[in-house]
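Every number here is computed from the coordinates shown, using simple stated rules; none is lab data. Bear in mind that the values here come from a model prediction, so they are computed numbers and not experimental data. Here Cβ is always computed from backbone atoms with ideal geometry, including for glycine, and neighbour counts include all displayed protein chains.
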Ligand code: HEC
Ligand code: HEC
Ligand code: HEC
């Protein structure tokens, strides 16, 4: 089962750095430091009225799917929306909360007004601030109608679960929820969109989907010193707990400017476009839980909008990521004298590749003929100047179900059930793969691999 922990949160960074500078805040415990409860929390709980109209419920469910609420609000193996996912941050773990309609453990006592404040403004029902692990800055662009529909669905369409996840305990000063008010001032929020989002024209709908719901920029836009998304580098690529969410602006060398609308739609629908790209890690999960469930019209609107985002160049990239490489003209590196390698640490890149990858990706790197295991040349992950996603794929593997296809590649980390590769081996392998099929040897070191290994979700 895909471990949603991999769904990466920029909050991680937010709590790590932005808050470190806020230590002037008086040292008080978490909740006592919060402002007094807002008036709304005294209001009686929403009375479970008659079930809302079916179309309102359907819309609410669709908006919640597009917003990918389930990704963060579900623990690995846990009940949907019951919370408990630990989001590792340098200041401690932020634990997502139960947002099922259970009155005691979940958000059953939230009125529509309370819900709106949480989703669009990051305010909890008791008036305290939510950590920005909850992407309310993106959701602040949602229309009133969509928040309303989503509220109706959460209250009546989601099964209540009577479980309270562990309480978030961060280190000072991030444990002071009040410091979030400062972050919020800096990060700001956007004005909600107006009108009926279902009637927007294609480009406006695409923009709404990309920003207010799917929050693509949460992962793909780099952040400034205060870790807010840099407006002038929208979708220009950003590191993400070991992974790298690539530049997806319309640049033809650094971005996805050579992709057609149909390419991008296929990617969002299945996570796989032969000869171009696949979605592993956090992107695989976004595809599995969210984008693959959009209507065709919405996928096209989203793709059309993304593909016209102004180009932003990345100096590190010297050519389209997906254009590098060709099939290796050495069908069998073992030809000639048979050698036996007793000391695994003496294995070179080609040996490690041959022993661990060639069975699926082919000795020549061409993949399987049905593209189930993709070719490693003409592959944006291998051609990228940022080797991060290749390293993470080798450690973590791929496990994604979307568009009726289960894409599975084993990981080679310590928990691997096939073969554990050391840091030295992974570094040698990755350098060999990028030199042979991609944009060159990036000189990945064992230390770099160790750092990335540490970012992997901990296996229980
Ligand atoms: C990227 C991860 C992430 C996504 C996506 C996400 N949330 Fe959250 N949400 C969190 C975390 C973490 C918290 C708890 C934050 C805290 O304790 O300060 C939270 C808190 C909340 C709360 C406050 C509940 C309470 O009383 O503690 C509500 C309501 C909520 N989320 C609703 C939603 C809805 C609706 C969506 C989808 C539109 C959504 N969230 C998507 C991470 C996420
Ligand atoms: C949770 C973080 C996250 C979110 C949200 C996210 N992405 Fe990604 N995206 C990534 C990562 C990480 C990769 C690299 C995946 C890999 O290595 O296979 C990626 C890869 C991609 C690629 C492939 C680029 C290439 O050159 O191969 C495209 C296209 C893309 N994302 C589009 C989107 C769009 C559009 C959205 C919003 C609908 C989105 N992403 C939302 C993290 C994210
Ligand atoms: C059991 C078969 C199998 C083995 C062994 C295997 N792979 Fe894969 N690989 C796959 C499949 C299946 C995918 C996923 C294709 C998709 O996403 O649709 C994949 C995806 C990839 C990707 C693209 C991932 C991304 O981020 O988008 C790379 C790069 C890759 N493999 C490299 C390797 C390397 C290097 C090795 C050796 C350490 C290896 N693979 C071993 C089957 C395999």
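Overview of results
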item: Segments 200-210, 281-291, 68-78 sorted - mean Cβ within 10 Å per residue, highest first; result: 281-291, 68-78, 200-210
item: Packing-based order for 55-63, 191-199, using average beta carbon neighbours within 10 Å, highest first; result: 55-63, 191-199
